[in-house]
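Take a look at the structure set out below.
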Amino acid sequence: MSVAQSVAKREHSDDLQHSNKRQQTGITAAELEGGLPVVAHLVSLIPGKECTYSIGDKELTTVGRSRSCDITLNEPDISTVHCELHLITMEVDGCRRKLINVIDKSRNGTYINGSRVVKKDSILKNGDRLVFGKSFSFLFKYNTTSDLEGAGESAASATGGNLAVIQSPNANKNDEEVFKKPLFSFTSSQNALKKQARQKPASVFDKYVLGKELGAGHYAIVKDGTNKQTGQAVAIKIFHPQQNDDQKKSKQFREETNILMRIHHPNIVNLLDSYVEPISKSQIQKYLVLEKIVDGELFDRIVKKTSLRQDETKAIFTQILTGLKYLHNQNIIHRDIKPENILLNITRRTSPEQVQLGPWDEGEIDIQVKIADFGLAKFTGEMQFTNTLCGTPSYVAPEVLTKTGYTSKVDMWSAGVILYVCLCGFPPFSEQLGPPSLKEQILQAKFAFYTPYWDNIDDSILHLISHLLVLDAEKRYSVDEVFDHPWLSGGAAQNNVIKDMNRLQLSDTQMPKTYTELSCL
């Protein structure tokens with residue numbers, strides 16, 4: 001055997017011993033040499049190769065076949081230096097976090113959750129599956145005691161306390177658009193605050209398992225989720241990525257979600273938690289964990305039935321108003337009331353003896369209405385006017401389009417549109433009803449009740465809608481005024497209050513498409 005062969009054999013033997021030692025002990029060179037704190041772990045998912053590698057608190061950790069790497073993976077499809085794990089510190093949601101950024105250096109690829117790393121800026125998150133070549137598959141997990149710095153700085157957003165409401169000094173007293181800010185009172189020590197802040201999972205992936213996609217919109221997607229500890233089914237709203245250079249917006253998001261998480265009402269979808277996740281050095285993603293409602297949207301019910309009965313509409317509309325009154329009393333404007341944001345919890349009949357609790361369909365015992373996405377328009381920027389149904393221009397109040405400043409009366413306009421749609425199956429404003437255009441119809445508050453769709457609808461309902469779809473917001477009914485209306489209150493004799501309401505004939509060119517017809521296009 002030549003000297004070169006002897007040296008190569010000895011180096012190969014050293015590599016095997018070094019690799020075996022790491023696999024048996026589950027530690028990296030960083031810890032062997034310096035005893036550094038642990039930032040994260042790689043847990044092997046390959047049967048027969050059970051081991052855990054720990055990533056130390058240093059700027060760079062290398063992974064590859066070379067014995068000079070911090071983590072040595074001795075297989076032919078692993079490159080000499082397969083990837084680099086860079087430790088970075090980011091300010092995320094008011095808290096400094098230590099994160100691992102992976103850079104691929106290999107021939108055969110580094111994969112995160114099945115997708116090959118092609119950019120140099122891919123931050124790992126808890127629960128990621130990290131695959132090197134075809135030989136090694138790991139579960140990535142941050143060490144929970146080391147991924148947070150400055151926990152006390154974010155304690156105000158992570159803890160409770162006495163909630164008081166104060167008016168922003170720059171707010172116009174007639175403009176209810178501004179959220180009232182919470183005032184926290186702390187009596188615990190700084191150390192106690194840090195401990196309490198650490199008890200809240202730093203990442204949504206620490207607490208929840210994300211499942212299949214449930215829906216998608218302009219600003220976000222919604223996924224199925226499960227609480228790891230309790231097994232509770234939730235819905236997780238994931239906003240599209242945004243830049244991480246606007247600390248003011250991040251602070252506003254944190255403050256507003258804290259307020260919304262204190263809102264509990266039977267007619268409002270509960271916001272359970274909120275998280276901000278880094279996805280690169282420059283971008284973050286916001287997550288909202290919501291109560292899961294499984295029986296669909298009011299939109300689906302209208303599509304299925306073409307239109308709703310008057311008694312059914314009244315029962316649903318009363319619950320919508322009850323939820324809106326609660327929100328408005330909390331100084332929260334919804335700003336996106338529409339049938340897609342009205343969810344339904346349906347109690348279905350299981351035996352003929354069960355007593356029906358409302359004017360529902362044959363197989364239904366009761367329906368609980370839940371307003372979704374309350375206040376969340378604040379997080380997504382100003383609503384844009386579009387000509388698409390999903391853009392919901394049909395429900396937008398005129399003062400929103402003109403951007404002249406608005407109050408909670410914008411929700412009352414949208415409620416009026418919902419009431420109209422429930423009873424006839426199509427919106428009061430649409431391109432099919434023009435001219436003028438949809439936008440001009442809204443800006444002029446130009447609508448009508450058309451025969452034969454409205455022939456059998458009580459005049460009192462038409463009267464109420466006519467006092468909701470009012471151009472002048474000051475003259476538009478408030479929630480309390482709607483509750484006092486004869487149709488809902490059953491108070492004064494309607495004939496003495498409400499005059500005959502006109503029904504107009506549609507022209508051949510104005511035939512509106514119902515939601516049922518639109519859903520078939």
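The residues in the range 381-414 that are at pLDDT 85 or above and either among the β-branched types (Val, Ile, Thr) or crowded, with 18+ Cβ neighbours inside 10 Å (or both) can be counted, and the count is 16.
For the subset of the range 101-141 comprising residues that are hydroxyl-bearing (Ser, Thr, Tyr) and not in a strand (DSSP E or B), which member is nearest to PRO47 (Cα to Cα)? Filtering first and then ranking leaves SER135.
Of the residues making up the range 307-319, not a single one is among the polar types (S, T, N, Q), surrounded by 15 or more Cβ atoms within 10 Å (Cβ to Cβ), closer than 25 Å to LEU124 by Cβ and over 15 Å from the mean Cα position of the chain (by Cα). Only one of the listed residues (ILE320, ILE316, ILE332, ILE302) is outside any helix (DSSP H, G or I) and assigned by TED's automatic domain parsing to the domain that holds PHE483. That residue is ILE332.
Evaluated against (1) outside any loop (DSSP other than H, G, I, E, B); (2) within 30 Å of VAL421 (Cβ to Cβ); (3) in contact (Cβ under 8 Å) with a residue 60 or more places away in the chain, VAL234 falls short on exactly one condition, (3). Checked across the range 85-96, the condition of being crowded, with 21+ Cβ neighbours inside 10 Å and at pLDDT 95 or above holds for at least one residue.
When the range 334-366 is filtered for residues that are hydrophobic (A, V, I, L, M, F, W, C), buried (at least 21 other Cβ atoms within 10 Å of the Cβ) and in contact with a helix residue (DSSP H, G or I) (Cβ under 7 Å, 6 or more places away or on another chain), the ones remaining, listed by number, are ILE337, ILE342. Within the range 395-416, the set of residues being more than 14 Å from VAL470 (Cα to Cα) and in a helix (DSSP H, G or I) comprises LEU401, THR402.
Filter the range 434-443 for residues that are surrounded by fewer than 24 Cβ atoms within 10 Å (Cβ to Cβ) and assigned to a helix (DSSP H, G or I) and give the result. Listed by number, the residues that qualify are LEU438, LYS439, GLU440, GLN441, LEU443. For GLY296, state whether it is buried (at least 20 other Cβ atoms within 10 Å of the Cβ), in contact with a strand residue (DSSP E or B) (Cβ under 8 Å, 6 or more places away or on another chain) and in contact (Cβ under 8 Å) with a residue 12 or more places away in the chain. No, not satisfied. Applying a threshold of 8 Å to beta carbon distances and a minimum spacing of six or more residues, or different chains, the list of pairs starting in the range 392-407 at a residue that is at negative phi and ending at one that is among the acidic types (Asp, Glu) reads TYR395/ASP336; TYR406/ASP175; TYR406/GLU177; TYR406/GLU399; THR407/ASP175; THR407/GLU176; THR407/GLU177.
The sole residue among LEU469, LEU419, LEU423, LEU464 that is among the aliphatic types (A, V, I, L, M), part of a loop (DSSP other than H, G, I, E, B) and modelled with pLDDT of 95 or more is LEU469. Remark: pairs (first residue in the range 39-52, without any contact (Cβ under 8 Å) to a residue 12 or more places away in the chain; second residue surrounded by 14 or more Cβ atoms within 10 Å (Cβ to Cβ); Cβ separation under 6 Å; 6+ apart in sequence or on different chains) = GLU50/SER44.
The values are calculated or read from the model by the stated rules, or taken from the named source; none is laboratory data. Quick caveat: nothing in here was measured; it's all calculated off a predicted structure. As a convention, Cβ positions derive from the backbone with ideal geometry for all residues, glycine included, and neighbour counts pool all protein chains shown.
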